[in-house]
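So the structure is just underneath, and the comments pick up after that.
Read-outs throughout are calculated quantities, based only on the coordinates presented, and are distinct from any laboratory measurement. These figures come from a predicted structure and were not determined experimentally. Heads up, the Cβs are rebuilt from the backbone with ideal geometry, glycines too, and the neighbour counts pull from every protein chain shown.
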Amino acid sequence: MTRWPSDDKPGKIRDAALAEFAARGVEATSLREVAARAGVSVGLIQHYFGTKGDLVDAVNWHVTDLLRQALASGPEPVTVDDFGEQVMQLLTKHTVVADYLARALVDDTPFGAAIFDTLIEMGIARWRHRADVGQTVEDLDVPWAAMNTVVLVIGTVLLRPHIERQLAGPLLCPDQLARWGAAVNGLMSRGYLHSYPAGGSGGGGLEQEGGYPAGVGPANGVHAVPVGARKARTSSTARTPLVPPEKNR
């Protein structure tokens, strides 16, 4: 285990790097910018961490540890309310960690991919546990239940500046967090729509005749690509879920 001095300059450097990486992205951040935020020299960063890649690794391990602590669960199934409280605590106490994770996912880094996969695995385990004790509907799609939960949280973090334009106050203020939590809990527990028979006219399905969503298509004067006709996007970015992640030197 690395022994750091009592003044914890390495911790200060690591936290400064975390903030810079969250704001700019790892590739766009230089050691000089980290040093300026931490109030130290580049040489001191190199003394404690060696290369930029080593500093990135230290930040990633720190973020992983904080996420593990924030989302830890005991032997009993975590209720929707309990999980919501864990997420709220993460966002309020470790906002920069949530921002860094969102940045890692947007930048499609190996660390972001590894964390996303881990969150999904944790979510699947939670939802299966809930299903085993009878807390869920019988036909629950467990993988999608887990993915929808993660998407709701990460999507909110990513879109926070836009979401806040629609709110009366900052998302992370107590009133707005409580409002968001209640909305998510309501969605998870009860859903937003009444049930309609398959093929009925209640609007339960989006896809309509011709493959267009309701209200979209030539007949409505709104042209769009029919459902199923879109070409799959390809990416040349390699996805290698490494832990620890590949160093950015």
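Let me make sure I get this right: for the stretch 76-191, a, b and c are the square roots of the gyration tensor eigenvalues over alpha carbons, sorted descending. Under 1.5 in a/c it's rounded, otherwise prolate if a/b > b/c, else oblate. Which is it? Here the stretch 76-191 falls in the oblate category. Annotation: the residues Glu20, Glu138, sorted from fewest to most other C-beta atoms within 10 Å of their own C-beta, follow the order Glu138, Glu20. Taking the Cα centre of the stretch 76-191 as origin and assigning +1 to Lys and Arg Cβ atoms and -1 to Asp and Glu Cβ atoms, the resulting dipole is close to 360 debye.
Here the stretch 15-143 is treated with +1 on each Lys and Arg Cβ and -1 on each Asp and Glu Cβ, and its dipole about the Cα centre works out to around 560 debye.
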